[in-house]
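Report on the following structure.
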Amino acid sequence: MILYAEIATWLISAALFTFWLSFALAGSLAEATDGYVQGLWAKSLVTILGGLAVNLVGMGVSKIKATKIYSVKVLIDKYPFTTWQCLLTLFNGARSKKVIRNIAYLPGLKQVSKTADSSTLILEDAERQNKKIFIITLLVLFIGVFALFTTPLLVSLIFLNVKKLLLPYLPLEVIKDLLSILVG
């Protein structure tokens, strides 16, 4: 079984890191600089690759296929998850080796169980997929891909418009104070 929920969560996390990186580099994305990378498209691509790299370091590699569980499972309980709750649960990444996550679809009923020796916790889907759950999961997946690739362009447009509207009317001292606050 393909774990679409894991892939969607990984892409949304990469989009959030790209969003953060885009705001950190907003001035150099929109302005002409004398660096190695010239042009908005090339800088956007480097920002996207940087967001993917930070996500790879932070969350690790996303699991694509479900893990087979050969031991006896003891059911703890079943919980209904919304899309948002499932995303927040999966944002932790695959950090713990004592938790097996076989969640393929974002919303729906999830079952929490443990192995017979209580050494591993297992999170998995408790109900079969239906079209609604599958479409919601694919929609979140496509939103993650769309956000990942459009974030640097959107941030540079926001930066250019704010600069065009506000900066000509602000005194130089206010601009210096704002920059010192933002830079730290």
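The values are calculated or read from the model by the stated rules, or taken from the named source; none is laboratory data. This structure is a prediction, so every number in the text was calculated from the model and none was measured. Cβ placement follows ideal geometry from the backbone for every residue including glycine, while neighbour counts extend to all protein chains displayed. Ligands, DNA and RNA are excluded from the accessible area calculation, which covers all protein heavy atoms including side chains. Shrake-Rupley method; radii C 1.70, N 1.55, O 1.52, S 1.80 Å.
For (1) surrounded by fewer than 19 Cβ atoms within 10 Å (Cβ to Cβ); (2) assigned by the TED database to the domain that holds residue 138; (3) touching a Leu at 6+ places or on another chain (Cβ under 8 Å); (4) under 19 Å from residue 4 (Cα atoms), each residue gets a yes or a no:
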| site | (1), (2), (3), (4) |
| --- | --- |
| 74 | yes, no, no, no |
| 77 | yes, no, no, no |
| 81 | no, no, yes, yes |
| 84 | yes, no, no, yes |
| 89 | yes, no, yes, yes |
| 92 | yes, no, no, yes |
| 97 | yes, no, no, no |
| 118 | yes, no, no, no |
Fill in the blank from the handout: Output for Cβ contacts, cut-off 8 Å, separation at least six or different chains, first residue under 13 Å from residue 47 (Cβ atoms) in the stretch 8-27, second among the basic types (Lys, Arg), reads 25/43
Problem - Among residues of the stretch 57-72, those that are in contact (Cβ under 8 Å) with a residue 40 or more places away in the chain and either in the same structural domain as residue 135 (by the TED database) or closer than 27 Å to residue 134 by Cα (or both), counted - result: 8
Problem - Leading residue by the ranking (nearest to residue 105 (Cα to Cα)) among those in the stretch 26-64 that are modelled with pLDDT of 70 or more and open to solvent by 70 Å² or more (accessible area, probe 1.4 Å) - result: 64
Exercise for the section: Being at pLDDT 85 or above, more than 21 Å from the chain's Cα centre (by Cα), β-branched (Val, Ile, Thr) and open to solvent by less than 70 Å² (accessible area, probe 1.4 Å) narrows it down to one of 145, 112, so name that one. Expected result: 112
